[in-house]
């Protein structure tokens, strides 16, 4: 049976599923319930400096995007860091770590971008016995306006500087949580590691307004007739997060560095995808807020079963396996040719493939008078749109043409691997070796 025990930065946990820093990890009561449900670790909701706690709004804090079946696809929140007293949090962290020594407890921190502020809080956090810290450089709302959160995460020089301070005044692992609200994620990641950070975690939430109330003419959630931008998370952000994790995992300057994957992880498969791209573990938030803490049990059983089927004995066996296969477009094989094929027995004759292809693609699907749909190979460019709009899984597949076959669309023989760098249409093409 697969062993899900994970070691990340020397921190062992019974599985790779951690709760991300967010409302689910705001207090001792929540975290204890999470550990009893089976979570391998938590990142405690972000602590601020000593003094009067941060003040959150007392009205709605969340906006949402739903699918057609009312399934939650994305959540927009305007909540800030913890609004509980610093010392109350520290006392609770101490008790939780004492009582659950086999679980990972990481403390998220956000204080002003001043050395003295970090120097003051780090010894207090270290006294709790927590396993490490995560620097919140990603929060895009509220705190950013105060020069913290993503205001720091968008400036590589600040990231490097604060990471250096933390390594100077704190002896345990330092994780830097990155903002996705930036053009190129590689630069802040490089800065974090250059400053001595032990790992990066990503992504934090995306700057967003999820909806506008057209009666009140106000963004939602509404606070006394006004709304604000917030942080977007949930299943909808997963593709963005996967890409950013992959960019760091394949960047020559950061390849092989520890990554904690965050962003829309709802199932074991989501987690496995992040890990295949280089994440050593994953952090979850929206799924727990949607389905409760016990959702982790499905994640654990699903990942374990998949690993058994694939012959993976531990998560280390497949972490990063997909990263080398992430390529820039110019290196993709232009002689890889496929054609769509429709399984007539599985087809329910809904006509989605025909409508999509006829109206918006390459008119490569025929419809007979009795609604039998067939692919015209001479027109099919293998765009895959029909596969994605078909409501029947596996009904439409893509068949690869072998080398030496003739492509009915171009009349050309399928040749060996060749990419854009050597293509004759490329004005900057180099001679093929």
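The values are calculated or read from the model by the stated rules, or taken from the named source; none is laboratory data. Quick caveat, the model's predicted, so the values are computed rather than measured. When we count neighbours, we look across all protein chains shown, and the Cβ atoms used for this are built from the backbone with ideal geometry, even at glycine.
Just a few scattered comments:
- Among the residues listed as 84, 70, the single one being touching a residue at least 12 places away in the same chain (Cβ under 8 Å) and surrounded by fewer than 17 Cβ atoms within 10 Å (Cβ to Cβ): 84
- Residue within segment 405-420 that is under 19 Å from residue 353 (Cα atoms), in the same structural domain as residue 340 (by TED's automatic domain parsing), exposed (fewer than 15 other Cβ atoms within 10 Å of the Cβ) and touching a residue at least 60 places away in the same chain (Cβ under 8 Å) present: no
- Output for segment 397-424, where each listed residue is part of a loop (DSSP other than H, G, I, E, B) and more than 24 Å from residue 363 (Cβ to Cβ): 402, 403, 404, 415, 416, 417, 418, 419, 423, 424
- Some residue of segment 30-46 being touching a strand residue (DSSP E or B) at 6+ places or on another chain (Cβ under 6 Å), part of a loop (DSSP other than H, G, I, E, B) and under 18 Å from residue 108 (Cβ atoms): yes
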